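Report on the following structure.
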Amino acid sequence: MPPPVRTTRDTWIEAGLALLAADGPDAVRVEVLAQRLGVTRGGFYRQFGGRRELIDAMLDTWERRSIDEVQARVESEGGDARSKVRRAGMLTFSAELLPLDLAVRDWARRDGEVAARLRRVDNRRMDYLRELIATISDDAGDVEARAMLAFSLVIGNHLIAAEHPGRPRDRVVRDAARLLLGEMTPM
């Protein structure tokens, strides 16, 4: 009879994702994960065929959380297209998902397989934005431009270090979102 499984597959995946977000892909090593979890490497090999299988499972989890779960939550909470676009951006780049998304983006610069996965995820994100924005505008060029601006805004907000004298950054981002979604200035 095989020994009982003490450390679940999901526990290994979660530990791998945390390590990826904190220290990058090169840090995601079986020995390091086992040490952090306080278990032996043997437990890892009862769950995974090797590091590549863990990496694939980690990327699957990231994709599911950043696309499927975000869209499901946005749709379940309802609202008009503008509020859905805002909510999708806030959830996709939340404190929980942002460090992982940035780590995957950095990793994709050096790994073709990860780059292909990121492209698929970003294409799905853009498809969702297009779908929502198409309810605001019926001009295909306008829809594409607004989707690109919306996506660029939420990513760029975390990559641009510029200051905004006299205005808090969150206010500048809200104003930018309002402009690109064609909303009137509040009175």
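Val39 satisfies every condition listed in (1) in contact (Cβ under 8 Å) with a residue 12 or more places away in the chain; (2) in a helix (DSSP H, G or I); (3) of a type in the set (A, V, I, L, M, F, W, C) except (2). For Arg171, the stated conditions hold: it is assigned to a helix (DSSP H, G or I) and not hydroxyl-bearing (Ser, Thr, Tyr).
Check whether at least one residue in segment 88-105 is farther than 27 Å from Gly24 by Cα, in contact (Cβ under 8 Å) with a residue 24 or more places away in the chain and of a type in the set (Ser, Thr, Tyr), and report yes or no. Steps first, please.
Step one: of segment 88-105, the residues farther than 27 Å from Gly24 by Cα are none.
No; the residues of segment 88-105 include none that is farther than 27 Å from Gly24 by Cα, in contact (Cβ under 8 Å) with a residue 24 or more places away in the chain and of a type in the set (Ser, Thr, Tyr).
When the residues of segment 135-155 are filtered to those that are without any contact (Cβ under 8 Å) to a residue 12 or more places away in the chain and part of a loop (DSSP other than H, G, I, E, B), the one that is surrounded by the fewest Cβ atoms within 10 Å (Cβ to Cβ) is Asp138.
Which one of these is of a type outside the set (A, V, I, L, M), in contact (Cβ under 8 Å) with a residue 24 or more places away in the chain and assigned to a loop (DSSP other than H, G, I, E, B): His164, His158? Show your work before the answer.
Working: His164 fails: in contact (Cβ under 8 Å) with a residue 24 or more places away in the chain.
So the residue among His164, His158 that is of a type outside the set (A, V, I, L, M), in contact (Cβ under 8 Å) with a residue 24 or more places away in the chain and assigned to a loop (DSSP other than H, G, I, E, B) is His158.
In segment 17-28, the residues that are surrounded by 13 or more Cβ atoms within 10 Å (Cβ to Cβ) form Cβ pairs under 8 Å with partners that are assigned to a loop (DSSP other than H, G, I, E, B) and not aliphatic (A, V, I, L, M), at six or more places apart or across chains, as follows: Pro25/Asp111. For Phe44, the criteria (1) surrounded by 13 or more Cβ atoms within 10 Å (Cβ to Cβ); (2) closer than 28 Å to Tyr128 by Cα; (3) not β-branched (Val, Ile, Thr) hold in every case but one, which is (2).
Since every read-out is calculated from the coordinates, none of them should be taken as a lab result. Just so it is clear, the model here is predicted, and its values are computed rather than measured. Virtual Cβ from ideal backbone geometry, glycine too; neighbours counted across all protein chains shown.
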